[in-house]
1. For the structure I just gave you, tell me whether residue 120 is over 31 Å from the mean Cα position of the chain (by Cα) and at pLDDT below 70.
2. Look through the stretch 40-76, keep the residues that are over 19 Å from the mean Cα position of the chain (by Cα) and charged (D, E, K, R), and return whichever of them is farthest from residue 23 (Cα to Cα).
3. Go through the stretch 22-36 and give me each residue that's within 18 Å of residue 92 (Cα to Cα) and either in a strand (DSSP E or B) or of a type in the set (Lys, Arg) (or both).
4. Does residue 35 meet the test of being buried (at least 17 other Cβ atoms within 10 Å of the Cβ) and in contact with a Lys or Arg (Cβ under 8 Å, 6 or more places away or on another chain)?
5. Quickly run through the stretch 1-37 and pick out the residues that are farther than 20 Å from residue 83 by Cα and at pLDDT 90 or above.
6. Quick one: residue 135 ticks every box in (1) among the basic types (Lys, Arg); (2) in a loop (DSSP other than H, G, I, E, B); (3) modelled with pLDDT of 75 or more except a single one, so which number is it?
7. When you check residue 101 against the structure, is it among the aliphatic types (A, V, I, L, M), at pLDDT below 70 and at negative phi, yes or no?
8. Would you mind telling me which numbered condition in (1) surrounded by 16 or more Cβ atoms within 10 Å (Cβ to Cβ); (2) in contact (Cβ under 8 Å) with a residue 60 or more places away in the chain; (3) of a type in the set (A, V, I, L, M) residue 30 fails?
Amino acid sequence: MFKNFDITVDTTKGVKKRANTIITNDSKTIKSSITIIQSGEPVYLTGSTVRLSVKNQDKKTVFQDCTIIDAANGKCEITFDTQVYIVPGLHLEEVMNHFTADKLYVTCKVSNTANKGILDEGPFKSTNEFQSINRVIEDVKGIVVDLWDNEAGIDAQAESDLEVMAVQLVEL
C-alpha cells in the first residue's frame with residue numbers, strides 16, 4: 001500500500017499547488033506520480049534519465065531516480081526507497097531531467113510538508129531480556145552448587161545473594 005501523490009512540475013515557471021502533507025514515520029510508502037511540463041505542454045522523456053532531489057529541513061539533500069512510465073506525455077513515478085521525510089518541516093523538491101551527458105534541465109521547485117509522527121520518539125530501542133535472565137539463572141545455579149559442594153545450609157550470604165537475584169529477575 002502506498003500514499004500516492006500527483007505532482008506537476010514545469011521547466012520554466014512555478015506550478016501552484018498545495019503542499020502535500022507527509023508523516024515523518026512514513027517509510028517506503030511514499031509514491032509520487034510526476035508530470036513534467038514546459039509552458040503547459042508535456043516534456044518528451046524518451047532517452048532521458050529523470051531524477052528527483054529533495055532538500056530536507058536539516059539541509060541534507062536526497063537524490064533518487066524516477067521511472068519513466070509515459071515518455072510521450074512527460075510522466076514518471078518514484079517510490080522512495082529510503083525514509084526521505086524523517087525531519088519535520090518544509091521539504092523542497094526539484095526534478096532533474098538528463099537528456100545527454102551534458103544536457104540537463106531542472107524544473108521549478110515544489111514543496112511537501114513533513115509533520116512529526118506520534119510514534120516518532122527517536123530511534124527504536126531493542127532489548128534482549130533473554131540474555132539477562134539466563135545470566136541471573138546461571139548465577140543462581142552457581143550459588144546452589146556452592147551450597148551443595150560445601151554441604152552447608154543456606155547461610156546469610158547465600159540468602160542475600162538469592163534475594164538480589166530474585167529482585168533482578170522481577171526488574172527484567
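The values are calculated or read from the model by the stated rules, or taken from the named source; none is laboratory data. All values derive from a computational prediction rather than experimental measurement. Here the Cβ positions follow ideal geometry from the backbone for every residue, glycine too, while neighbour counts run over all protein chains shown.
1. On the way: over 31 Å from the mean Cα position of the chain (by Cα): no; at pLDDT below 70: yes.
No, not satisfied.
2. To start, the set of residues in the stretch 40-76 that are over 19 Å from the mean Cα position of the chain (by Cα) comprises 40-51, 67-76.
This time we only want the ones that are charged (D, E, K, R), so: 41, 51, 70, 75.
Numbers: 41: 32, 51: 23, 70: 29, 75: 25 Å.
Per the criteria, the residue is 41.
3. 22, 23, 30, 31, 32, 33, 34, 35, 36
4. Numbers: buried (at least 17 other Cβ atoms within 10 Å of the Cβ): yes; in contact with a Lys or Arg (Cβ under 8 Å, 6 or more places away or on another chain): yes.
Yes: the conditions hold for residue 35.
5. Step one: filter the stretch 1-37 for residues farther than 20 Å from residue 83 by Cα, giving 8-18, 35-37.
Hits for the stretch 1-37 are 35, 36, 37.
6. It is condition (2) that residue 135 fails.
7. Values: among the aliphatic types (A, V, I, L, M): yes; at pLDDT below 70: no; at negative phi: yes.
Taking the combined requirement at face value, the residue does not satisfy it.
8. (2)
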